[in-house]
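To start, the structure under review is shown below, and the notes come after it.
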Amino acid sequence: MRTLGIDLASQPERTAMATVEWSSTGAKVVDVRTTVTDVMIVDALGTADRAGIDGPFGWPDAFVDVVSAHHVYDSARENTLFTEPGVTRFVRRMTDEWVRARTGLVPLSVSADRIAYVALRAVRLLARVDGPAFDAGRVNGTAVEAYPAAALKVWGLSHNKYKGKTNGEVLARLIDELCALAPWLDFGPHRALCTASDDAFDAVITALIARAAALGMTELPDAAQLPVAQREGWIHVPNRSLSALAPS
């Protein structure tokens, strides 16, 4: 099995991509890249069995509804949508609220934060690769929506304060912790880049989330949640320990 992890940013310069090869004896990080273009991502998605993308696959239903109504001057519809107090439903997807309840972490708002730029790139890429050989579904397709911080927390690893140029020692310790929990994971020569770049590290974690999704070891929406998730997207949070991903 080959899993791909993409730590997506709005521009190639902050985007990282990692490929992990899984065999009967272990998992090996075989490629890690930074400054990743759309062409590089499309090519890599075409060779991966499963992929994880750290970026939203859609927008909140209520946000889409109110923007659509506003676009055609449908004030009656807008007034109906704004009947309920608060704006949470416009800025948080169902999956965002589910992740918050499940992990205590709050994903960035795709409609009210800068991650909207990332979402635009994500949906552009998914549209480009959609076809007979690639399921671009937003719930459990060939590529799944990933949230590295949530996976790290579920797996009992440090999930914050490792980002940025001033936190290199924290990131190095986190990689040590990860390798101690997953001795079957071999970073090879790519460990240096993952220690120097939290984007590269997150790409590796996202490739591990893709493995969890492939094995059925992530939470999926229930029957009532599914129609909304198919429109808005769904964040895959592992529901098994990191050791469960080990080849056997």
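Just so it is clear, none of the values below were taken in a lab; they were calculated from the coordinates. Everything quoted here is computed from the prediction, not taken from an experiment. All Cβ positions, even for glycine, are placed from backbone atoms using ideal geometry, and neighbour counts span all protein chains on display.
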key: Label-point separation, ALA127 to ARG240 (7 Å along Cα→Cβ), nm   = 3.6 nm
request  = State the answer as a single residue: which of LEU120, TRP98, THR34 lies farthest towards the positive end of the charge dipole of segment 8-133, with beta carbon charges of +1 for Lys and Arg and -1 for Asp and Glu, about the Cα centre.
outcome  = THR34
request  = Starting from the Cα of LYS28, draw a straight line to each of the lysines and keep only those under 24 Å, dropping any in the same chain fewer than 8 residues away.
outcome  = LYS153, LYS163
key: From the coordinates shown, semi-axes √(5λ) of the Cα gyration tensor in Å corresponds to which of [x] 32, 19, 18; [y] 44, 18, 16; [z] 30, 21, 18   = [x]
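If the viscosity is 1.567 mPa s and the temperature 4 °C, what translational diffusion coefficient in µm²/s does Stokes-Einstein give for segment 157-248 when Rh comes from Kirkwood over Cα pairs?
After rounding, the answer is 88 µm²/s.
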message = Please report, ordered by residue number, every helix of the chain (full DSSP H runs) that is 18 Å or longer along its axis going by C-alpha atoms and whose mean Kyte-Doolittle hydropathy reaches -1.0.
response = 115-129, 168-181, 198-214
key: the chain: calculated mean residue ellipticity at 222 nm from DSSP helix runs of at least 4, using -39500 (n - 2.57)   = -12500 deg cm²/dmol
ask   = Under 13 Å from the Cα of LYS165, which aspartates and glutamates turn up, not counting those fewer than eight places away in the same chain?
value = ASP198, ASP199
request  = Would you please give the residues with an amide H less than 5 Å from that of ASP186, counting only those at least 5 places away or on a separate chain, with H modeled from the backbone geometry?
outcome  = ALA27, LYS28, VAL29
ask   = Three principal axis extents, largest first, for the C-alpha atoms of segment 1-85, in Å?
value = 60, 28, 22
